[in-house]
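Asker: Take a look at this one; I'll ask things after.
The values are calculated or read from the model by the stated rules, or taken from the named source; none is laboratory data. Nothing here was measured: the structure is a model prediction, and the numbers come from that model. Reconstructed Cβ throughout: ideal geometry from the backbone, glycine too, with neighbour counts over all protein chains shown.
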There are 2 protein chains.
Amino acid sequence: MKKKAVVLASGGLDSTTIMAITRHGGYDIYALTFDYGQRHKIELKAAQKIAKYFGAKKHLILHIELDTIGGSALTADIPIPQERKLKEISSSGVPITYVPARNTIFLAYALSWAEVLEATDIFIGVNSIDFSNYPDCRPEFIESFQRTANLATRAGMEGKEIRINTPLIDMTKGEIIKKGLSLGVDYSMTHSCYNPKKDGLPCGKCDSCLLRKKGFEEAGIADPLFDQ
Amino acid sequence: MKKKAVVLASGGLDSTTIMAITRHGGYDIYALTFDYGQRHKIELKAAQKIAKYFGAKKHLILHIELDTIGGSALTADIPIPQERKLKEISSSGVPITYVPARNTIFLAYALSWAEVLEATDIFIGVNSIDFSNYPDCRPEFIESFQRTANLATRAGMEGKEIRINTPLIDMTKGEIIKKGLSLGVDYSMTHSCYNPKKDGLPCGKCDSCLLRKKGFEEAGIADPLFDQ
């Protein structure tokens, strides 16, 4: 029997690369996506297409009310920062697009599902190189969550650690894209933009679009999103 | 301005005592309750009454789909253990009423809301003395979650710790009830049973009913639930 992995799947570039890595690693994939009131709800459709493409055994889309809690430009009526310099994105503190405790909540659900499935692994596409200074994307957060997870669960009490895997954490966006391409990822399926236009096309100006653009430039290929 | 506290409020005996302690401590109370597909949904009504009684500034009831994930007698079609000996409850491993990663999920939401409210404190009524061997009620879990919370949030990055408070963690059920009575708690408002009868009365046989009974015996008073 194959090992089972819960894969956090946002429909974005990073989590899609993660799904390719998980499939390549021989896992049965249990994809987990959140409808959390994000303004870029279009990413849910991308996540569905991608989970299907990678042959996920199951794909759960949980509705969670982070918009009731608010406090972020992604979940409340706060403007999305535009056309920031890459240097500014990576060095000017935690931006307004940070969703309070989002990855703690996402990982807590992944942990719950992993325990029920008797999965050995959770995969999450966090990255701390070309990232937006979100505190919950840093390796020290992930390491601490791993210790908490071991103490939180029956599995942990019984010595069966559920591992939190972050294979992209030290990679640049360009390296992530090259890795994905080597594993056959079709990035035209992915969605990254925080603030898509009505027709679903990316705005090209938000931090997420700018980091994606940097990645394709580094990888030396055109973003297939714009070839369609 | 008063300090703000997010209080996890289940409508049960422990969390109601916690709410009295928080009020006594001079906090503005932000009560947080989860409709998570629990079979004892009646506790939500108790939580509403109690939050109102203690003058909570706001009471959020979040709908979260733990029943979609399942894996527990509280959220799936699995029988509730009945008439276990107290010794068995406290020593026979993690019971089937354990909901995988429930307190990790609850605390993650509390952390998110606390960060948005700029609250300094979270209060949770976990107890590791007269308890059901849930891994996520132990002090080592709470301590680890505290470290994770500091790393997960903008508040933590800026050196503003959001403290996780567990004033009941080392108390017996009898001590908890005596503490609550000294602060004016009316325990007839609370609901503890996992498997209530159709008229809402407790079954008297589940672990939660048995631990409650032990508490009132130790406190030397009758449970006001049965005086009505």
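Per-residue answers, yes or no, for (1) on the phi > 0 side of the Ramachandran plot; (2) within 14 Å of chain B (Cβ to nearest Cβ); (3) buried (at least 21 other Cβ atoms within 10 Å of the Cβ):
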| site | (1), (2), (3) |
| --- | --- |
| A:A152 | no, yes, yes |
| A:E158 | no, yes, no |
| A:I162 | no, yes, yes |
| A:L168 | no, no, yes |
| A:G174 | no, no, no |
| A:S192 | no, no, yes |
| A:K205 | no, no, no |
| A:S208 | no, no, yes |
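Asker: Any chance the stretch A:43-53 includes a residue that's crowded, with 19+ Cβ neighbours inside 10 Å and touching a Phe, Trp or Tyr at 6+ places or on another chain (Cβ under 7 Å)?
Answerer: no
Asker: Is it the case, given these coordinates, that A:N133 is surrounded by fewer than 22 Cβ atoms within 10 Å (Cβ to Cβ), away from chain B (no Cβ under 14 Å) and either under 16 Å from the mean Cα position of the chain (by Cα) or β-branched (V, I, T) (or both)?
Answerer: No, not satisfied.
Asker: Another question about this same structure. Considering only residues of the stretch A:27-42 that are surrounded by 18 or more Cβ atoms within 10 Å (Cβ to Cβ) and within 14 Å of the chain's Cα centre (by Cα), which is modelled with the lowest pLDDT?
Answerer: Top of the filtered list is A:H40.
Asker: Yes or no: A:Y53 of a type outside the set (A, V, I, L, M, F, W, C), modelled with pLDDT of 95 or more and more than 22 Å from A:G215 (Cβ to Cβ)?
Answerer: No: the conditions fail for A:Y53.
Asker: Turning to a different aspect of this structure: B:C209: more than 30 Å from A:E143 (Cβ to Cβ) and in contact with a His (Cβ under 7 Å, 6 or more places away or on another chain), yes or no?
Answerer: no
Asker: Of all residues in the stretch B:173-228, how many are among the basic types (K, R) and assigned to a helix (DSSP H, G or I)?
Answerer: Number satisfying all stated conditions: 6.
Asker: Right, another one. Assuming A:H24 fulfils every condition listed in (1) surrounded by fewer than 17 Cβ atoms within 10 Å (Cβ to Cβ); (2) within 25 Å of B:T153 (Cα to Cα); (3) touching a residue at least 60 places away in the same chain (Cβ under 8 Å) apart from one, which condition is it?
Answerer: (2)
Asker: Shifting gears a bit: Within 29 Å of B:L183 (Cβ to Cβ), more than 12 Å from chain A (Cβ to nearest Cβ), of a type outside the set (D, E, K, R) and in contact (Cβ under 8 Å) with a residue 40 or more places away in the chain: which single residue out of B:Y53, B:Y36, B:Y109 fits that description?
Answerer: Values: B:Y36 fails: more than 12 Å from chain A (Cβ to nearest Cβ); B:Y109 fails: more than 12 Å from chain A (Cβ to nearest Cβ).
B:Y53 is the lone residue from the list that is within 29 Å of B:L183 (Cβ to Cβ), more than 12 Å from chain A (Cβ to nearest Cβ), of a type outside the set (D, E, K, R) and in contact (Cβ under 8 Å) with a residue 40 or more places away in the chain.
Asker: Restricting to the stretch B:90-102, and then to whatever is at the interface with chain A (Cβ under 7 Å from one of its Cβ atoms) and either free of Cβ contacts under 8 Å to residues at least 40 places away in the same chain or farther than 22 Å from B:D207 by Cα (or both), can you tell me which residue is surrounded by the fewest Cβ atoms within 10 Å (Cβ to Cβ)?
Answerer: Here the answer is B:Y98.
Asker: Residue check, A:F141 against (1) within 14 Å of chain B (Cβ to nearest Cβ); (2) not in a helix (DSSP H, G or I), all met but one. Which one?
Answerer: Every condition holds for A:F141 apart from (2).
Asker: For the subset of the stretch A:113-127 comprising residues that are farther than 19 Å from A:L74 by Cβ and either free of Cβ contacts under 8 Å to residues at least 60 places away in the same chain or crowded, with 21+ Cβ neighbours inside 10 Å (or both), which member is farthest from the other protein chains (Cβ to nearest Cβ)?
Answerer: Step by step, filter the stretch A:113-127, then rank; the result is A:F123.
Asker: Give the stretch B:56-82 a look and list any residue that's surrounded by fewer than 19 Cβ atoms within 10 Å (Cβ to Cβ) and more than 10 Å from chain A (Cβ to nearest Cβ), or say none.
Answerer: B:K57, B:K58, B:H59, B:D67, B:D77, B:I78, B:P79, B:Q82
Asker: So B:S182 fits all but one of (1) in contact with a helix residue (DSSP H, G or I) (Cβ under 7 Å, 6 or more places away or on another chain); (2) more than 14 Å from chain A (Cβ to nearest Cβ); what number is the exception?
Answerer: If we test B:S182 against (1) in contact with a helix residue (DSSP H, G or I) (Cβ under 7 Å, 6 or more places away or on another chain); (2) more than 14 Å from chain A (Cβ to nearest Cβ), just (1) comes out false.
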